[in-house]
Amino acid sequence: MRRTRIVATLGPASDDDATIKGLVEAGVDVFRLSFAHGDVPSGIERLRRVRKLAPDQAIMVDIPGPKIRAGSFGTSPVLLALGDKVELIEGFGETSIASKIFVEREGVLALLKTGDRIHIGDGGTSLVVLETGSKTLTEVTSGGAVMGKPGLSLPSSIMNDRLPTDADRERLEALRSEEFEILAISFVRSGFDVESVRAVLSRPDVMMMSKIETSEGVENLEEIVEHSDAIMVARGDLGVRMPIEEVPHLQKAIVRLGVRYARPVIVATQMLESMTHAQVPTRAEVTDVANAVLDGASAVMLSGETAIGEDPIGTVKTMDRIVRRAEQSFDYQDWGTNLDVQQISNNSGKTARITAAITGAAWRAAMEEDAVAIVACTRSGTTARAISRFRPPMPIVAITPQVGTARQLHSSWGIEKIFVSPLQDIDSLCNYAAEQVKAAGLAKPGDAIVVMAGSESGGASITDTVRMVVIN
């Protein structure tokens, strides 16, 4: 049983029905759909199609925020060589070439100054502005191959839009009635950004995932985590906007803080980048994925590797093997023992603190009595995510009556789910949990399991009961 989740980005290379089904079979837990590419109606059509093809997986919709993109270079690499002169032109839906890049943002070129630096994609290719005015001429200062519709990272003084942007609002309004589970918010700089997007979408059932990719996001990290339901370590833009040597340390800090708040944390960008074209990853990439697992990440994500890569299914299978092997070396005992006290959002109230205390007691009981499974009876998924932060060696089983909750838990570390009709009393829940865990082959007569359940308190759900149950 793989505990760390795999997120795959869909794109031109993985858009057909057969490939999507193949990705599910290969082990994808969450499908990421970028709404930064293409028109909104096409994005909605793809979302609905994925929902039918992958009814059990979670769907993450990624909105662009203030990100600026280049006109498409197509699906074949285009070389920008060191010293080449490149003209930037404002335009939408145009095809970029090596000597001419279209910039899909109105008025932004007029804000550039001579000497400004522009990074393309994840920063491997860079330009410096030579001329402004009647035309914007740049020179390649760091060469490389580009393809697709890469992002353009301009000076932070230019990219100062507040969230949600007008483009985000258009997408959020179109998405309000669609069936998806996670919304990824780009360029989050504060908790206020998260709440502003949440208010526009007006969907309490959708998890808000903040992408940490700016210096402001790092400075306000704890505030952002507190207001978010999940976190993404977006290493591409983060590595452009922060000193690149800081990225590994920021990754560890972001993962650790997210886990303290019981938030799923995804590590993303360039994890198996070479497999966009190669059949095997580099040794450094294999080590990177394994280290993300050992850091305690909830999930690892593939971007261009599955969106425009030559073998999306093979890439997922490779990541699955790397993750499974890394999990064999994960120190479950040490992680849980040294885990800091769970952080609680300031606006969570007493019920969240009780849930945190109960899940901590459940983990200790499971470890001390060598339980074969921990069962969380949950409607919202909060209880299951709270116990998941301990990264226990035994399976975590979430029993829930909510389809959306079950899908969302695909983004959380180590949680399997079982559907159930609502049961009213704790005895019925414990008996049902024991039956289901036994039926799933996770326990046999004489084994012990830990069951957590709750009740309603003042209109809010609260996990207030933990029991040790011996399987008959």
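Packing around the peptides 301-311, 204-214, taken as the average count of other Cβ atoms within 10 Å per residue, puts them in this order, highest first: 301-311, 204-214.
Peptide packing for 147-156, 246-255 was compared via the average number of neighbouring C-beta atoms within 10 Å per residue; ordered from the highest value, the list is 147-156, 246-255. Each residue, ARG321 and GLU178, gets one label point 7 Å from its Cα in the Cβ direction; the gap between the two is 3.5 nm.
Binning all Cα-Cα separations of the range 303-381 at 5 Å, short to long from zero, yields these whole-percent fractions: 3, 10, 13, 15, 13, 12, 12, 12, 7, 2, 0. Which entries in the list LYS211/LYS417; LYS21/LYS67; LYS100/LYS149; LYS21/LYS417 go over 23 Å, if you measure between the two C-alpha atoms of each? Pairs exceeding 23 Å: LYS211/LYS417; LYS21/LYS67. Computed over the range 334-470, relative contact order equals 28 percent, with contacts defined as Cα pairs under 8 Å that lie 6+ residues apart. Placing a pseudo-label 7 Å from each Cα along the Cα-to-Cβ vector at ARG283 and ARG256 gives an inter-label distance of 2.9 nm. Between the residues VAL280, ILE158, SER134, the greatest Cα displacement towards the positive end of the dipole of the range 131-290, with unit charges on the Cβ of Lys, Arg, Asp and Glu, is found for VAL280. Taking the average, over residues, of other Cβ atoms within 10 Å as the packing measure, peptides 465-472, 335-342 rank 465-472, 335-342 from highest down.
Short to long, the 5 Å bins of the Cα pair-distance histogram for the range 334-470 hold 2, 11, 22, 25, 23, 12, 5, 1, 0 percent of all pairs. Distance between the C-alpha centres of the range 356-388 and the range 399-457: 11 Å, rounded to the whole angstrom. With Kirkwood radius over Cα pairs in Å in mind, check (1) 24.2; (2) 30.8; (3) 23.1 and report the label derived from this structure. Answer by label: (3).
When the Cα positions of MET394, ASN220, THR95 are compared along the charge dipole of the chain, MET394 comes out farthest toward the positive end, with charges on each C-beta of Lys, Arg, Asp and Glu. Gyration tensor over the Cα atoms of the range 391-435: the corresponding equivalent ellipsoid has semi-axes (square roots of 5 times the eigenvalues, largest first) of 20, 15, 6 Å. Diffusion of the range 221-288 by Stokes-Einstein, at 10 °C in a medium of 1.306 mPa s and with Rh set to the Kirkwood radius over alpha-carbon pairs, works out to 121 µm²/s. Here is how the number arises for the chain: DSSP H runs of 4 or more residues each give -39500 (n - 2.57), the sum is divided by the residue count, and the result at 222 nm is -10500 deg cm²/dmol. Pairs of alpha-carbon atoms within less than 8 angstrom and 6+ residues apart define the contacts here; what relative contact order does the range 68-153 have, in percent? Taking the mean separation of contacting Cα pairs over the length of the range 68-153, I get 39 percent. Given +1 at the Cβ of Lys and Arg, -1 at the Cβ of Asp and Glu and no other charges, the dipole of the range 68-153 around its Cα centre is 60 debye to the nearest 20.
Stretching ALA145 away from THR75 to a fully extended chain increases their span by 24.1 nm, per 0.36 nm per residue minus the current alpha-carbon distance.
Given +1 at the Cβ of Lys and Arg, -1 at the Cβ of Asp and Glu and no other charges, the dipole of the range 334-470 around its Cα centre is 400 debye to the nearest 20. With no solvent and one point per C-alpha, what does the Debye sum give as log10 I(q)/I(0) for the range 68-153 at q = 0.12, 0.17, 0.18, 0.24 Å⁻¹? Log-scaled intensity ratios, in q order: -0.28, -0.58, -0.66, -1.25. Of all aspartates and glutamates in the structure, the ones whose alpha carbon falls short of 17 Å from that of LYS444, not counting any fewer than 8 places away in one chain, are GLU369, ASP370, GLU435. The charge dipole of the chain, taken about its Cα centre with unit charges on the Cβ atoms of Lys, Arg (+1), Asp and Glu (-1) only, comes to about 540 debye.
Based on the Cβ-Cβ distance of GLU245 and ASN472, what FRET efficiency does E = 1/(1 + (r/R0)^6) give at R0 = 45 Å, to the nearest 0.05? With a Förster radius of 45 Å, E is 0.20. One decimal place: the segment LEU82-GLU223 gains 46.7 nm when fully extended, by the rule 0.36 nm per residue minus the C-alpha distance.
Going by a ≥ b ≥ c, the root eigenvalues of the Cα gyration tensor, does the range 1-123 fall in the rounded group (a/c under 1.5), the prolate group (a/b larger than b/c) or the oblate group? Here the range 1-123 falls in the prolate category. When the Cα positions of VAL194, SER428, GLN333 are compared along the charge dipole of the chain, SER428 comes out farthest toward the positive end, with charges on each C-beta of Lys, Arg, Asp and Glu.
What are the aspartates and glutamates whose alpha-carbon lies under 13 Å from the alpha-carbon of LYS113, with same-chain residues fewer than 8 places away excluded? The qualifying aspartates and glutamates are GLU131. A simple rule links phi to the HN-Hα coupling: the Karplus curve 6.51 cos²θ - 1.76 cosθ + 1.60 with θ = phi - 60°, which for the range 428-438 gives 5, 5, 5, 5, 5, 4, 4, 4, 5, 5, 5 Hz, with x for Gly and Pro.
Computed from the coordinates by the stated procedures, all read-outs in this text should not be read as laboratory data. Quick caveat, the model's predicted, so the values are computed rather than measured. Virtual Cβ from ideal backbone geometry, glycine too; neighbours counted across all protein chains shown.
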